[in-house]
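Asks: Attaching a single structure in structure tokens format; questions to follow.
The values are calculated or read from the model by the stated rules, or taken from the named source; none is laboratory data. Since the structure is predicted, the reported quantities are computational estimates derived from the model, not experimental observations. Don't worry about glycine lacking a Cβ; one is built from the backbone with ideal geometry, like all the others, and counts go over all protein chains shown.
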Amino acid sequence: MADLNQETLTDAVVAQMASTPDPRLRKVMESLVRHLHAFAREVRLTPAEWLAAIGFLTRVGQTCTPIRQEFILLSDTLGLSRLVNLMDDQANRVGEATETSLLGPFYREASPQFAYGESIAKHAQGPEMMLFGRVMNEAGEGVPNAIVEIWQTDADGAYDLQALDPETMDMRGQFRTDAEGRYAIRTLIPLGYSIPMDGPVGALVRAQNRHGFRPAHIHMLIGAEGYRELVTALYLGDDANIDSDTVFGVSESLVVRPQMGAEGSPSPDLPSVRYDFQVARKAAHDKSGRVGADPSKIAAE
Ligand code: BEZ
Ligand code: FE
């Protein structure tokens with residue numbers, strides 16, 4: 001029988017897992033074990049800290065519900081979601097496209113459908129703005145019939161799930177681009193908000209003296225036949241936290257500033273943003289999926 005010690009243990013674990021038939025699972029688990037053991041050695045993990053971590057992860061799981069995904073929030077605040085997004089873009093995109101951003105925990109499938117220029121604010125009230133532009137391919141041609149999904153907070157910084165009965169959808173919806181690839185969405189100017197701070201992830205963020213805020217933003221998910229799905233968001237440049245997003249979603253190219261008199265706005269009387277989204281062709285091997293999901297679907301799978 002091999003005598004296990006600090007030096008031989010890692011290889012013994014990896015050797016026992018070598019029987020894993022799925023090669024990807026084998027590789028991922030071997031690497032995970034090697035990094036996990038190296039981490040424990042580096043910080044000289046104590047039994048009390050090990051138990052505290054088990055307690056923390058237990059609370060993260062217990063906080064998850066069909067409308068709240070605390071594990072995704074943890075991944076977001078550790079920068080892991082953004083990292084997976086960035087790596088996936090590099091591996092699977094064919095040609096230039098609008099930069100991606102986080103899907104976040106507030107995406108919901110089957111949101112209401114709207115016509116060109118309609119307002120997504122059914123219940124919420126506040127200062128309005130117009131978001132318009134085109135969905136284009138890399139040749140600069142409009143992509144007709146693309147689905148443009150949008151979701152955002154109201155003018156007080158709350159998503160429908162937080163402000164209303166969870167059955168009610170507001171400040172979200174789906175639009176179709178017209179024959180020239182144009183879209184136009186009337187909406188409210190969103191407000192920055194704190195990520196949910198009443199759970200274990202919030203407690204960790206507070207223990208790190210981080211503010212927990214996301215700058216005001218509008219989420220977009222754009223899908224068109226033959227193109228790679230684009231999950232992104234537009235960030236309002238005048239938000240005080242534009243440079244310190246708690247979940248690391250902001251890119252310079254996604255920062256916008258609503259302005260009166262924007263050329264071509266379907267509602268020139270409203271502060272408007274023109275933003276043209278560029279979608280990339282789908283790579284033949286692309287099976288990567290989204291970094292995120294409707295929380296109710298994660299629990300069900
Ligand atoms: C969001 O933008 O909706 C979001 C993203 C990550 C964590 C919390 C919220
Ligand atoms: Fe958000």
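Asks: Return yes or no: is Tyr159 in contact with a strand residue (DSSP E or B) (Cβ under 8 Å, 6 or more places away or on another chain), in contact (Cβ under 8 Å) with a residue 24 or more places away in the chain and either more than 16 Å from ligand 2 (Cβ to nearest atom) or outside the structural domain of Gly264 (by TED's automatic domain parsing) (or both)? Walk me through it before giving the result.
Replies: Values: in contact with a strand residue (DSSP E or B) (Cβ under 8 Å, 6 or more places away or on another chain): yes; in contact (Cβ under 8 Å) with a residue 24 or more places away in the chain: yes; either more than 16 Å from ligand 2 (Cβ to nearest atom) or outside the structural domain of Gly264 (by TED's automatic domain parsing) (or both): no.
In short, no.
Asks: Run down Arg176, Arg210, Arg206 and say which single residue is free of Cβ contacts under 8 Å to residues at least 24 places away in the same chain and surrounded by fewer than 17 Cβ atoms within 10 Å (Cβ to Cβ).
Replies: Values: Arg176 fails: free of Cβ contacts under 8 Å to residues at least 24 places away in the same chain; Arg210 fails: free of Cβ contacts under 8 Å to residues at least 24 places away in the same chain.
Only one candidate qualifies: Arg206.
Asks: Working only within segment 1-29, note down all residues that are modelled with pLDDT of 95 or more, among the hydrophobic types (A, V, I, L, M, F, W, C) and under 23 Å from Glu42 (Cα atoms).
Replies: Listed by number, the residues that qualify are Leu9, Ala12, Val13, Val14, Ala15, Val28, Met29.
Asks: Can you pull out the residues in segment 179-203 that are within 16 Å of Ser272 (Cβ to Cβ), crowded, with 21+ Cβ neighbours inside 10 Å and among the hydrophobic types (A, V, I, L, M, F, W, C)?
Replies: Ala184, Ile185, Leu188
Asks: Is it the case, given these coordinates, that Val250 is touching a strand residue (DSSP E or B) at 6+ places or on another chain (Cβ under 8 Å), under 16 Å from Leu102 (Cβ atoms), without any contact (Cβ under 8 Å) to a residue 24 or more places away in the chain and not charged (D, E, K, R)? Steps first, answer last, please.
Replies: Details: touching a strand residue (DSSP E or B) at 6+ places or on another chain (Cβ under 8 Å): yes; under 16 Å from Leu102 (Cβ atoms): yes; without any contact (Cβ under 8 Å) to a residue 24 or more places away in the chain: no; not charged (D, E, K, R): yes.
No; evaluated as a whole, the condition is false for this residue.
Asks: Could we say that Val148 is more than 30 Å from Thr65 (Cβ to Cβ) and crowded, with 18+ Cβ neighbours inside 10 Å here?
Replies: No, not satisfied.
Asks: In this structure, does Leu86 turn out to be modelled with pLDDT of 95 or more, within 27 Å of Ser101 (Cα to Cα) and within 18 Å of the chain's Cα centre (by Cα)?
Replies: On the way: modelled with pLDDT of 95 or more: no; within 27 Å of Ser101 (Cα to Cα): yes; within 18 Å of the chain's Cα centre (by Cα): yes.
Criteria not met by Leu86.
Asks: Tell me, which residue of segment 171-202 that is more than 16 Å from ligand 1 (Cβ to nearest atom) and among the aromatic types (Phe, Trp, Tyr) is nearest to Val135 (Cα to Cα)?
Replies: By that ranking, first place goes to Tyr183.
Asks: Also, I was wondering about something else. Pick from segment 61-101 the residues that are under 19 Å from Tyr235 (Cβ atoms) and in contact with a strand residue (DSSP E or B) (Cβ under 7 Å, 6 or more places away or on another chain): which of them is surrounded by the most Cβ atoms within 10 Å (Cβ to Cβ)?
Replies: This residue is Ser101.
Asks: Search segment 56-82 for residues that are without any contact (Cβ under 8 Å) to a residue 60 or more places away in the chain and pair each with any residue that is within 10 Å of ligand 1 (Cβ to nearest atom) and small (Gly, Ala, Ser) when their beta-carbon atoms are under 6 Å apart and the residues are at least 6 apart or on different chains.
Replies: Ser75/Ser81
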